[in-house]
Amino acid sequence: MTDAAPETVLIDGIGVLATNDPALGEGVTGAIPDAALVVQGDTVAWAGPAARAPAADARVDAGGRCVIPGFVDSHSHIVFAGDRGREFGARMSGRPYEAGGIRTTVAATRAASDAELLDKATRLLNEARAQGTTTLEIKSGYGLSTADEERALRVARRLTEEATFLGAHIVPPEYRDDPQGYVDLVTGEMLDACAPHARWIDVFCERGAFDEEASRRILKAGMDRGLHARVHGNQLGPGPGARLAAELGAASVDHCTFLEPEDVEALAASETVATLLPGVDFSTRQPYPDARALIDAGATVALAGDCNPGSCFTSSMAFCIALAVREMHMTPEEALWAATAGGARALRRTDVGRLTPGSRADLAVLEAPDPVYLAYRPGVPMTAAVWRAGRPVAGADLTRG
């Protein structure tokens, strides 16, 4: 005998369904008005106009609400201890953000237990999930010793399949006079301990962190161990990060606040995603990235939250969408795509960030008739329900019939 097929669930009464497939609907988000969706097990089985929906084992009424793919947040730092609220307050009083503030979190994280780190990261993950985030990348980078980086990744892997080794976040205090020795550690003993727990390797290619030569060496060492590359770049000023990411075929370069024309050209000619983090620029009073220039040049743009204790302590992807529309001149449709399908591109995933047959059934039901409300009503809780892999994980239970 064979196992019975998984139950099918018809979600209808959808005001607008954003599929992210232009072949299924209108515009870049493939929007379908008066839509329905069929979920079978953990995947999407069908999407289209409600009038053509197939029969299913059970029915859920969205009540005219819109449905979007779950947010794919491809950049976060939620494995940490401590608090940097005073640093934020000082910065809002005129002190500029500098990478060295990370050392405060390193000290607190090293002093915390594994259980404390897991508890805090879990609470932040659940906070993000309640707001519609169904895929979250999590970096290490607040341990900066072999043992502490390895345990941070063990914690991250309990929460996500998208764990990133960021031993090259900054040079820790004990290596202040020997930065080359720290690069040797990151590319040797630390990488050996951390690679089994990670999918990605990242580096902060920035003044005050790692220069181009060190960044290239670190990324190549990780790639030689089977990890895929990502880059923090061009956050604090012009620099080599974006071009280095394109050169090495990195999945993404994140921040991109200060790009030269040649950086934009390099990204447009590559498969590297420009991941923009508007919450950081909001929280540090830096200029916002020029999303319009990247999109018009043909580069792929993603939006991510960068939840971290120093430069951006938000878990709200909706907030980032509102900033991208208001401050970065993205259309609401472009911003939604960037926060879902764009994030999936930045993680080289084809199973999330869309609601099309065969994709994982990760979705958010918004308390609104249209996704434009994410930017139209900034700061207002919009998420009525969240499903991940075909199961409700947050919000209210929608009525079955």
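The values are calculated or read from the model by the stated rules, or taken from the named source; none is laboratory data. Quick caveat, the model's predicted, so the values are computed rather than measured. Reconstructed Cβ throughout: ideal geometry from the backbone, glycine too, with neighbour counts over all protein chains shown. With ligands, DNA and RNA removed, areas are computed over all heavy atoms of the protein, side chains included. Shrake-Rupley method; radii C 1.70, N 1.55, O 1.52, S 1.80 Å.
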Set Lys and Arg Cβ to +1 and Asp and Glu Cβ to -1, take the dipole of the stretch 76-224 about its Cα centre, and tell me which of H169, H77, L153 lies farthest positive. H77
Pairs of alpha-carbon atoms within less than 8 angstrom and 6+ residues apart define the contacts here; what relative contact order does the chain have, in percent? 21
Could you give the size of the charge dipole of the chain about its Cα centre, using +1 on the Cβ of each K and R and -1 on the Cβ of each D and E, expressed in debye and rounded to the nearest 20? 700
Taking the full set of protein chains and a 1.4 angstrom probe, give the accessible area of W387 in square angstrom, rounded to the nearest 10. 10
Quick one: Karplus J couplings for the stretch 367-378, per residue in order, coefficients 6.51, -1.76, 1.60, θ = phi - 60°, nearest Hz, x for Gly and Pro? 7, 6, x, 8, x, 4, 5, 4, 9, 5, 10, x
Over the stretch 260-332, consider all pairs of different Cα atoms and compute the Kirkwood hydrodynamic radius from their mean reciprocal separation; express it in Å, one decimal. 12.5
Given the protein chains as shown and a 1.4 Å probe, how many square angstrom of R348 are accessible, to the nearest 10? 110
Dividing the convex hull volume of the alpha carbon atoms of the stretch 300-401 by its residue count, what do you get in Å³ per residue? 127
E149, E213, reordered so the largest accessible area comes first (probe 1.4 Å): E213, E149
In the stretch 220-329, the GluC sites (Glu not before Pro) that fall in loop regions by DSSP, at most 14 other Cβ within 10 Å: E271
Whole-percent carbon and sulfur contribution to the accessible surface of the stretch 39-97 (1.4 Å, no ligands, DNA or RNA) stands at 48
Any idea what the relative contact order of the stretch 182-324 is, in percent, if you count C-alpha pairs under 8 Å spaced at least 6 apart? 16
Round to the nearest 10 and report in Å² the accessible area of R199, as given by a 1.4 Å probe over the protein chains' heavy atoms. 70
Could you order the peptides 290-299, 32-41 from most to least packed, using the average number of other C-beta atoms within 10 Å per residue? 32-41, 290-299
In 10 Å bins starting at 0, how do the alpha-carbon pair distances of the stretch 148-259 split up by percent? 16, 48, 32, 4
Heavy-atom accessible area with a 1.4 angstrom probe orders K120, K220, most exposed first, as K220, K120
Note down the magnitude of the dipole of the stretch 233-322 about its Cα centre, charges +1 on Lys and Arg C-beta and -1 on Asp and Glu C-beta and zero elsewhere, to the nearest 20 debye. 300
Environment charge at S270 (Cβ cut-off 14 Å; Lys +1, Arg +1, Asp -1, Glu -1): -1
Mind listing the long-range amide H neighbours of H228? Cut-off is under 5 Å, sequence gap 5 or more, other chains count too, H placed in the peptide plane at 1.01 Å from N. W200, I201
Probe 1.4 Å, protein heavy atoms only - accessible area per residue of the stretch 202-343 in square angstrom: 33
The stretch 262-328 versus the stretch 121-149: alpha-carbon centroid distance in Å: 19
For the chain, what does -39500 (n - 2.57) per DSSP helix run (n ≥ 4), summed and divided by total residues, give at 222 nm, in deg cm²/dmol to the nearest 500? -8500 deg cm²/dmol
What net charge is computed for the residues neighbouring E189, neighbours being all others with C-beta under 12 Å from the C-beta of E189, Lys and Arg scored +1, Asp and Glu -1? -4
Hey, what's the stretch 1-85 come to in accessible area per residue, 1.4 Å probe, Å²? 40
Mind listing the Cα extents of the stretch 179-334 along all three principal axes, in Å, largest one first? 45, 33, 26
Dipole of the chain [Lys/Arg +1, Asp/Glu -1 at C-beta], most positive-end residue of S252, G379, G48: G379
Quick one: the Cα spread of the chain along its three principal axes, in angstroms, biggest first? 68, 50, 40
Test item: Cα-centred dipole of the stretch 202-242, Lys/Arg +1 and Asp/Glu -1 on Cβ, debye: 120
Taking just the alpha carbons, could you work out the radius of gyration and Dmax for the stretch 140-192, both in angstroms? 11.2, 36
First obtain the Kirkwood hydrodynamic radius of the stretch 112-175 from its Cα pairs, then insert it into the Stokes-Einstein equation at 10 °C and 1.306 mPa s, and state the resulting D in µm² per second as a whole number. 129
For the stretch 1-137, divide the Cα radius of gyration by the Kirkwood radius and give the resulting Rg/Rh value with two decimals. 1.17
Out of S359, S145, S93, a Gaussian network model of the chain with alpha-carbon springs under 10 Å gives the largest mean-square fluctuation to S93
What is the antiparallel percent of DSSP beta bridges lying wholly in the chain, to the nearest 5? 50
